[in-house]
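Following: one structure in structure tokens, then a few remarks.
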Amino acid sequence: MNPNSYYALVRRQDAGTLTWRGPALMLFARAACAVGAQALVAGVLALRSSPTPWHDAEPWLPVYGTLIDAGCLALLWRLTRREGIRLFDLVGFERTRLVSDALLGLALVPACLVFILGGNYAAGWLLYGTLTPAYLFGPLPLPAALYGVLIWPFIWGLTEQMTYNGYLAARFQVLRRSTSLAVVIVAFVWSLQHAFMPLTFDARFMAFRLLSPLPQSVFIILLYLRLRRLVPLAIAHALMDGASVLIGVLLPLIRV
């Protein structure tokens, strides 16, 4: 039996190894790690005499995002260990499905873009009165931009899927005995984390970052609960995040 399947989780709940403590702790952990990582970068920039270190740290998300992932993976490792499973069990990896999962990941990109762009445009129109949404990424040095395209999105995509789908959605479905409630809770928190990535203290931009991911969050959680495999979702996630940094950060550097 898949250690992260619905029935495996029910058995661990009955045995007392799966409780509310782990999911409750993990629910806002990623947002907390985001604020901590941004504060660390801001501290470094302050030591380098930046007049606005917190604001200047914002564009570095594709670099310090890996610190967020490290914190989340460490916590997930502790929580899965308490359940008696491995961290990697959250992925649902099957060697025989690797090719089909990779192809599915590619095929998911257009569908995900419909929900992502739809959410962006709707939130942009609602909050800014325009279909042109606020842009997230800012200029970075070339090495940082390359890291944001080639390395960051693959760690980020897998860790985020492990956090919200592999761990939280699967467990809230069992703990609440309701798929609908699991989707509502996790989709909201998953979307909310974006308001802290980066933390700008701009109320309208933070509201935009909260609302715009909601359609995609709901779609991808429902899809995961049907598939119970993270590889195709992580591939699609990584490709889209990498493309956003490529288009918004790296290409302008190359053209210059």
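The values are calculated or read from the model by the stated rules, or taken from the named source; none is laboratory data. Everything numeric in this text was worked out from a predicted model, so none of it was measured. So basically every Cβ, Gly included, is an ideal-geometry build from the backbone, and we count neighbours across all protein chains shown. With ligands, DNA and RNA removed, areas are computed over all heavy atoms of the protein, side chains included. Shrake-Rupley method; radii C 1.70, N 1.55, O 1.52, S 1.80 Å.
The table that follows gives values for the structure above.
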item: Residues located in the range 115-164, provided they are of a type in the set (Phe, Trp, Tyr) and open to solvent by 40 Å² or more (accessible area, probe 1.4 Å); result: PHE115, TYR121, TRP125, TYR128, TYR135, TYR147, PHE154
item: From SER244, SER191, SER212, SER178, residue being without any contact (Cβ under 8 Å) to a residue 60 or more places away in the chain and under 16 Å from ASN120 (Cα atoms); result: SER191
item: Helices (runs of 4 or more DSSP H) enclosed by the range 46-138 - at least 3 residues per element that are aromatic (Phe, Trp, Tyr); result: 98-128
item: From the options ALA111, ALA102, ALA70, ALA107, residue that is at pLDDT 95 or above, under 20 Å from MET197 (Cα atoms) and either surrounded by fewer than 18 Cβ atoms within 10 Å (Cβ to Cβ) or among the aliphatic types (A, V, I, L, M) (or both); result: ALA70
item: Residue match in the range 19-27 (condition: at pLDDT 95 or above, of a type outside the set (Phe, Trp, Tyr) and within 27 Å of LEU146 (Cβ to Cβ)); result: no
item: Members of the range 10-35 found to be open to solvent by 30 Å² or more (accessible area, probe 1.4 Å) and either farther than 22 Å from PHE188 by Cβ or not in a helix (DSSP H, G or I) (or both), listed by number; result: ARG11, GLN13, ASP14, ALA15, GLY16, THR17, THR19, TRP20, PHE28
item: Counted residues, the range 183-215 - those being buried (at least 23 other Cβ atoms within 10 Å of the Cβ) and farther than 23 Å from GLU58 by Cβ; result: 1
item: Residues that are touching a residue at least 40 places away in the same chain (Cβ under 8 Å), over 23 Å from VAL189 (Cβ atoms) and assigned to a helix (DSSP H, G or I), drawn from the range 139-153; result: LEU142, ALA144, ALA145, LEU146, TYR147, GLY148, VAL149, LEU150
item: Residue within the range 50-63 that is acidic (Asp, Glu) and either open to solvent by less than 10 Å² (accessible area, probe 1.4 Å) or under 30 Å from ARG229 (Cα atoms) (or both) present; result: no
item: Residue that is nearest to GLY148 (Cα to Cα) [pool: residues in the range 82-99 that are crowded, with 17+ Cβ neighbours inside 10 Å and among the β-branched types (Val, Ile, Thr)]; result: VAL91
